[in-house]
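Input: a single structure, listed below in structure tokens.
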Amino acid sequence: MNKNKWKIAVIGCGMIAKSAHIPAYQYYEKDFEVVAVCDKSIETAQEIAKAFGIGNYYNDAEAMLAEIHPNVVSVCVPNALHKQYVMLAMRYGAHVLCEKPLAMTLTDAKEMYDYANANGLYLIACQSWRFTPERFGAKRMIDRGELGKVYYAEISRIRRRGIPTWGNFHIKEHSGGGAFVDIGIHVLDAAVWLMGNPKPLSVRAHTFAVHTNEIGSPEGSGALSKNVEKSKHFKLEDMDVETFACGTVNFEGGFAMTFKVAWSANLKEENNIILSGECAGIDTEHAVVYRGGTEQSVLETVPQPYEGKEFYGHFYIIENLAKVLRGEAELLIKPEETLTVTKIIEAVYRSAEEEREVLISEL
Ligand SMILES: NC(=O)c1ccc[n+]([C@@H]2O[C@H](COP(=O)([O-])OP(=O)(O)OC[C@H]3O[C@@H](n4cnc5c(N)ncnc54)[C@H](O)[C@@H]3O)[C@@H](O)[C@H]2O)c1
């Protein structure tokens with residue numbers, strides 16, 4: 001082990017660990033060394049350790065933390081286990097990069113950040129889909145004030161047929177929720193970031209579970225990564241989460257956001273954030289800027305430097321982590337933004353369940 005590198009341990013060796021976290025740490029090898037991996041399946045942990053040339057593997061996270069004392073832990077387990085492993089890793093003194101969603105409730109997210117703050121640790125939610133060329137371009141325009149006051153946003157993440165068939169994303173006990181918290185969270189987070197972390201006041205949401213037998217069409221929906229082994233266990237009848245969510249979030253200062261999110265819907269595929277301001281509007285997915293009655297121009301985008309990397313957002317996050325640990329940069333993904341996202345997630349599910357508008361002050 002090189003003493004000038006930060007020691008990394010990864011908990012959960014599934015799709016996102018091998019597609020994103022481990023490749024990104026290894027890309028920044030002058031800063032990081034992945035020294036250990038852990039999975040509940042020792043065979044999986046061993047397989048990943050071998051594939052990526054990692055020296056240690058475990059099926060007991062606490063034993064790994066006690067023996068390895070990593071500086072940073074990536075938490076890549078199913079959603080329901082995030083808090084448990086985040087807290088465990090922080091108790092062993094590690095900074096944590098936790099997969100999204102950090103938490104399903106504001107109480108849980110606050111507890112994690114309170115512990116991190118009290119112990120001088122960084123806790124970062126892997127909101128990896130802010131960093132697209134179009135969204136960076138939109139951020140520049142917004143920060144330069146070119147849109148004027150933005151009063152409306154429309155966020156959409158629609159897969160026509162893309163229920164995840166690996167893992168346990170379709171079972172609430174493991175995932176906490178369905179399409180909204182799995183993929184909607186990325187456009188929500190990106191919109192919160194673009195808007196400079198506006199304060200949400202209330203949410204009215206609707207969720208639907210419209211099952212279809214035409215699941216997991218990889219080419220059509222882009223839902224499946226090349227690193228996914230199709231689950232032998234996936235059964236549509238086990239699904240107890242939403243496949244579609246829609247609604248409105250009202251923010252302080254006269255700003256409203258509508259959302260629609262689907263794992264499966266008879267709609268056009270979309271992954272978009274549309275913003276309307278007093279001076280200009282942007283359609284980020286199509287890189288178009290609208291001004292005045294007729295003017296339409298191309299959004300100036302910011303090229304991303306990680307050509308060919310499937311989950312390039314994680315490379316931005318891990319590069320930023322190295323700079324933050326060296327004291328050279330601020331966090332790209334700020335705790336207060338993740339707390340805003342968590343508030344909206346909790347309110348979305350509560351609003352849909354209770355069939356009423358939920359005030360954020362109730363959480
Ligand atoms: N940021 C993104 O773009 C993105 C994309 C996909 C998934 N994710 C998130 O990553 C997380 C994992 O998703 P995935 O697609 O890798 O799922 P996955 O099912 O492929 O992997 C999860 C891994 O965790 C292991 N695991 C389960 N319980 C465990 C335990 N108690 N202790 C140790 N290991 C355990 C499983 O054996 C499996 O190998 C989820 O929270 C998901 O939301 C993020």
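The values are calculated or read from the model by the stated rules, or taken from the named source; none is laboratory data. Keep in mind that this is a model prediction, so the values were computed, not measured. Backbone-built Cβ (ideal geometry, glycine too); neighbour counts: all protein chains shown.
See the values below:
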{"item": "Extreme residue, farthest from K5 (Cα to Cα), among residues of the range 262-319 that are touching a Pro at 6+ places or on another chain (Cβ under 9 Å) and of a type in the set (S, T, N, Q)", "result": "T301"}
{"item": "Residue match in the range 270-291 (condition: within 16 Å of the ligand (Cβ to nearest atom), of a type in the set (S, T, N, Q) and assigned by TED's automatic domain parsing to the domain that holds D240)", "result": "yes"}
{"item": "Residue that is surrounded by fewer than 19 Cβ atoms within 10 Å (Cβ to Cβ) and small (G, A, S), where the choices are A262, A256", "result": "A256"}
{"item": "Residues being of a type in the set (V, I, T) and within 14 Å of the ligand (Cβ to nearest atom) - total across the range 44-78", "result": "5"}
{"item": "Among (1) more than 16 Å from the ligand (Cβ to nearest atom); (2) farther than 25 Å from A352 by Cα - the single one S156 does not satisfy", "result": "(2)"}
{"item": "Candidates E310, E300, E269, filtered to the one that is under 24 Å from Y152 (Cα atoms) and modelled with pLDDT under 95", "result": "E269"}
{"item": "Restricting the range 114-144 to residues that are more than 23 Å from the chain's Cα centre (by Cα) and either in contact (Cβ under 8 Å) with a residue 24 or more places away in the chain or under 20 Å from N272 (Cα atoms) (or both), the residue that is surrounded by the fewest Cβ atoms within 10 Å (Cβ to Cβ)", "result": "N119"}
{"item": "Residue in the range 25-43 that is nearest to V10 (Cα to Cα), counting only those that are more than 16 Å from the ligand (Cβ to nearest atom) and among the hydrophobic types (A, V, I, L, M, F, W, C)", "result": "V35"}
{"item": "Which listed residue is in contact with a strand residue (DSSP E or B) (Cβ under 6 Å, 6 or more places away or on another chain) and either more than 12 Å from the ligand (Cβ to nearest atom) or of a type in the set (V, I, T) (or both), from A116, A109", "result": "A116"}
{"item": "Matching residues, the range 159-181, being crowded, with 23+ Cβ neighbours inside 10 Å, more than 15 Å from the chain's Cα centre (by Cα) and of a type in the set (A, V, I, L, M, F, W, C)", "result": "I163"}
{"item": "Cβ pairs under 7 Å, 6+ apart, first in the range 179-203 and at positive phi, second of a type in the set (V, I, T)", "result": "N197/T340"}
{"item": "Positions within the range 83-106 being within 12 Å of the ligand (Cβ to nearest atom) and either outside the structural domain of E67 (by TED's automatic domain parsing) or surrounded by fewer than 20 Cβ atoms within 10 Å (Cβ to Cβ) (or both), in sequence order", "result": "K83, Q84, L88"}
{"item": "Qualifying residue in the range 189-211 (condition: touching a His at 6+ places or on another chain (Cβ under 7 Å) and either surrounded by fewer than 22 Cβ atoms within 10 Å (Cβ to Cβ) or farther than 12 Å from F244 by Cβ (or both))", "result": "no"}
